[in-house]
1. Report relative contact order for the range B:178-329 in percent, whole number only (criteria: Cα-Cα under 8 Å, sequence separation at least 6).
2. Which angle from 0 to 90°, rounded to the nearest 10, does the C-alpha axis of helix B:133-146 make with the longest principal axis of chain B?
3. At 1.4 Å probe size, with the rest of the protein present, what percent of the exposed accessible area of the range A:18-353 is carbon and sulfur atoms?
4. Please label the shape of the range A:254-313 as rounded, prolate or oblate, based on the square roots a ≥ b ≥ c of the eigenvalues of the alpha-carbon gyration tensor (a/c under 1.5 means rounded; beyond that, a/b larger than b/c means prolate, else oblate).
5. Please work out how much length the chain gains when fully extended from B:Ala186 to B:Ser110, using 0.36 nm per residue of separation minus the C-alpha to C-alpha distance, in nm with one decimal.
6. Pick out, in residue order, every one of the trypsin sites (Lys or Arg not before Pro) in the range A:118-214 that is DSSP loop and has at most 16 other C-beta atoms within 10 Å; say none if there are none.
7. What is the Å³ per residue value for the convex hull set by the Cα atoms of chain A?
8. Need the list of lysines near A:Lys92 for cross-linking: C-alpha distance under 29 angstrom, and skip anything on the same chain fewer than eight residues off.
There are 2 protein chains.
Amino acid sequence: MNLPSSHPLVDGRTKNSSLVRAYSGQAPSRRPVWFMRQAGRSLPEYREARVGTAMLEACLDPALASEITLQPVRRHDVDAAIFFSDIVVPLKLAGVDVEIKPGVGPVMGSAVRTADDVARLRELGPLTPDALQPVSDGVALTVDALGETPLIGFAGAPFTLAAYLVEGGPSRDHLAARTLMHADPATWAALTEWAADVAGAFLRAQVLAGASATQLFDSWAGSLSLADYTAHVAPASARALTHVADLDVKKVHFGTGTSELLAAMRDVGADVVGVDYRLPLDEANRRLGGTTPLQGNIDPALLAAPWPVLEAHVRDVVARGSVAPGHVVNLGHGVPPETDPTVLTRVARLVHEI
Amino acid sequence: MNLPSSHPLVDGRTKNSSLVRAYSGQAPSRRPVWFMRQAGRSLPEYREARVGTAMLEACLDPALASEITLQPVRRHDVDAAIFFSDIVVPLKLAGVDVEIKPGVGPVMGSAVRTADDVARLRELGPLTPDALQPVSDGVALTVDALGETPLIGFAGAPFTLAAYLVEGGPSRDHLAARTLMHADPATWAALTEWAADVAGAFLRAQVLAGASATQLFDSWAGSLSLADYTAHVAPASARALTHVADLDVKKVHFGTGTSELLAAMRDVGADVVGVDYRLPLDEANRRLGGTTPLQGNIDPALLAAPWPVLEAHVRDVVARGSVAPGHVVNLGHGVPPETDPTVLTRVARLVHEI
């Protein structure tokens, strides 16, 4: 493996952390918990830090991205940081004309629809370590500050990236992307292969700079049938993960609405499967054959419910997750922006006490 | 049963139609097909008819609603019409302050969040036949023109209606609705019970005016776990369907992303289950124990693919659907507005030829 000798896993800083142990199927010293989108709009200190700075600008400012990444760790005593970024950041760094419009999401300068469009995209070439320097710098700063708390590296999966590129922005059913997949499978494969290499390079840079685990987010995989996922998406997701296959880090794979896809998402090379709030963890564990550590799956809707309701739900999630060979408590989707952050702190404390 | 003697099922006009026979598990004379959202923006004659008329105004103009309902039957030779309306129409007729904003969807004057809000809603009283007269008139006009082709009556399911009311408009994960469901189950039950009676009265009016079948759309049920669906949604959906239980019409139940919920959605009292494009019909049939007629499930994304790709897909859907005790071909979600309508005509012809 190519981890530098100062890497937290190599120097042992995070090797025995609760997160890394649970991801490895080993008993952790305390039950690990973190929250998807924990670094973000639910925190007043985040909203303050972001004043006057656009989203992509914030992601590419090493000091700011690092500060934002650290905020929820300080506040909630969670067991991991996840690097503050956006799934389109590697597209931007690869040279794609993309911006993030507040209230809308990522918007592309032009949609990628044809074989020619994909060929032009591929001419941008691979995403180089030089281009990734702001990310590497942000990760290095963060890891220094985190000490024994592991940082999770982050990337959007090729299908989700390709869906943004083909649609030109967010969409409900990703119709144009799913049409291309069937109408021109060769162009689709070329597109997702390119996206896989971009996502993989982004993940690799984060690990080499000090991340102790990785998570691939296929936000929109839930729009696919199992057959389409297996034939047209899984090969690219597997390719993305090969970029970190020689590095000693566990790989988490997560999407929403993916209860039918869990085994297929594991089988692209993931070590840990993230489960959305819709499927009980004991049932997810059964579908995965009882061999795969799980992450999840507190229903974000319950973060706004009275504490006794939320507490009962968290205890239920923990009980169901305990049947898996490893369990990292998380939400079953990202933190809603309007969440009261003191509730998240209280959930983290409860998880540690159970 | 209370069907008037001139009702198409009673006078035999539609009793032996392919649609009604397939919904009843009897062999149809030809394989029936229709398309969810077939009356709508994919048709130039629809766009022309709608010029200068707002959505809710169009739904409540009997002549216009009838004309729009008939357009796809004339054009595509489909085996059923579905009454042109919107799931918020019965809310509007019940006295709720709602409008449909182009490009946004239904927007409520104020969101329904508290027990007091729900109490005020319930004070509006039941949805009366008088209030429903524009709907009854539109249906009667349509049924006269349709002759032997059956009309399907339409309503949004209580969960989807309640989600609009609680969120105040469209939302991605229906967080506020799902929070209320757990935070205050009694208020949630009162809300969905009211919504069930409104949806049920809307369905009943359409059947009494001449519809030969009904379809309940739970557009957003796919955001729920099976446990939440069963505990907090199924009772209200069952209540909605009791409003037509004494009438001799088959009841279809459909939602997207509901592969985990199919049996629960059947068990609220549906005769036919609509299956979205994600789950193969043979697998849906297996999950339903092989006893329930199915409707679905051409992937709308493939309507924009080259014909040979679409044709192979349609043939696959038909082959898989043939294992069920009845199959009405449809899409696995609504017609995308940008669909070339000549493709829909060609699909209908293909289904009839297979």
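The values are calculated or read from the model by the stated rules, or taken from the named source; none is laboratory data. Because the structure is predicted, anything quoted here is derived from the model rather than measured. So basically every Cβ, Gly included, is an ideal-geometry build from the backbone, and we count neighbours across all protein chains shown. Note: accessible area is taken over every heavy atom of the protein model, side chains too, but ligands, DNA and RNA are not part of it. Shrake-Rupley method; radii C 1.70, N 1.55, O 1.52, S 1.80 Å.
1. 18 percent
2. Here the helix axis deviates by roughly 0 degrees.
3. Exposed carbon and sulfur together represent 51 percent of the surface.
4. Prolate is the answer for the range A:254-313, as a/c is 1.5 or above and a/b outweighs b/c.
5. Difference between extended and current length: 25.3 nm.
6. Listed in order of number, the matching sites are A:Arg172.
7. 117 Å³
8. A:Lys101, A:Lys250, A:Lys251
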